[in-house]
1. When the chain is treated as a GNM, springs tying every alpha-carbon pair under 10 Å, which of 28, 142, 169 comes out with the largest mean-square fluctuation?
2. As I understand it, the value is the acute angle between the Cα axis of helix 124-140 and the longest principal axis of the Cα atoms of the chain; what does it come to in degrees, rounded to 10?
3. When the helix-only estimate is applied to the chain (DSSP H runs of n ≥ 4, each -39,500 (n - 2.57), divided by the residue count), what is the mean residue ellipticity at 222 nm, nearest 500 deg cm²/dmol?
4. Can you pull out the GluC sites (Glu not before Pro) in the stretch 86-139 whose DSSP state is coil and whose Cβ has at most 13 other Cβ atoms within 10 Å?
5. Which of rounded, prolate or oblate describes the stretch 71-164 when judged by the alpha-carbon gyration tensor and an a/c cut-off of 1.5?
6. Going Cα to Cα from residue 46, which lysines come in below 25 Å? Please leave out same-chain ones fewer than 8 positions away.
7. Can you say what percent of the DSSP beta bridges in the stretch 3-202, counting only those with both residues inside, are antiparallel? Round to 5.
8. In what sequence do 123, 47, 79 fall when counting other Cβ within 10 Å, fewest first?
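Every number here is computed from the coordinates shown, using simple stated rules; none is lab data. Since we're looking at a predicted model, the values are computed, not measured. Ideal geometry is used to build each Cβ from the backbone, glycine not excepted, and the neighbour counts take in all protein chains shown.
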Amino acid sequence: MIKTLYIVRHGQTDLNKQGIVQGRGRDTDLNEEGQKQADLFYNAYKSVPFDKVYISALKRTQQSVQQFIDLGIPYEKLSGLDELAWGIYEGQPNTPETKAAFLKLMRDWVAGRLDSKFENGESPNEVRLRQLEALQIIMSHTEEENVLICMHGRAMRLFLCLLTGKPLTEMDNFPHQNLVLYKVTFDGEKFDITSFNNSEHLKSV
């Protein structure tokens, strides 16, 4: 089975613009800039013969690829593609205290303490489990050769580790911005990233 995954992060929201973490518990809309990004991505990739679109359960992902869905391409929501839950820090103002809390958590993760999480939040290991379920569903459809996946920043970093066999401690090696593309091919045995952090389609924003 050969399959190509076009994995994008959702377009910009107002909380993105303000530098405020959204997470799994903030179901926000794209802002005007985010919709422009969605338009640019659509115009650049509308000729790709996508067999299926997979999105998270959060509406900002569907809004980002709605134009592909409007073409009649089947789509499916998978909660396994949701953003990592940041718990009590979701939607909180960007203060020295919150910055310190995030810095400590990131250090934990880089050091391999992948069960660390904020109160009411999720750890990377917990996200990995639900992403494995989502990946199993996506890969079970052998007839789908070209797949568009729209998800979230931190979750995408973890998902790319999962696909490429990298330890989750290396998640920050996958940079991203709103509606950036990672193109990943599966040759029947392994996944390879053939387009890394591609933002060419956004150059006219």
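1. With Cα springs under 10 Å in the chain, the top fluctuation among 28, 142, 169 is at 142.
2. 10 degrees
3. Details: 6 runs with 75 residues, N = 205.
The helix contribution divided over the chain gives -11500 deg cm²/dmol.
4. Working: sites: 90, 97, 119, 122, 126, 133; in loops: 90, 119, 122.
The qualifying sites are 119.
5. Values: a/c = 2.85, a/b = 1.98, b/c = 1.44.
Note, shape of the stretch 71-164 comes out prolate.
6. Output for residue 46: 3, 36, 59, 77, 183, 203.
7. Numbers: 12 of 25 bridges.
Close to 50 percent.
8. Values: 123 20, 47 7, 79 12.
By the 10 Å Cβ count, ascending: 47, 79, 123.
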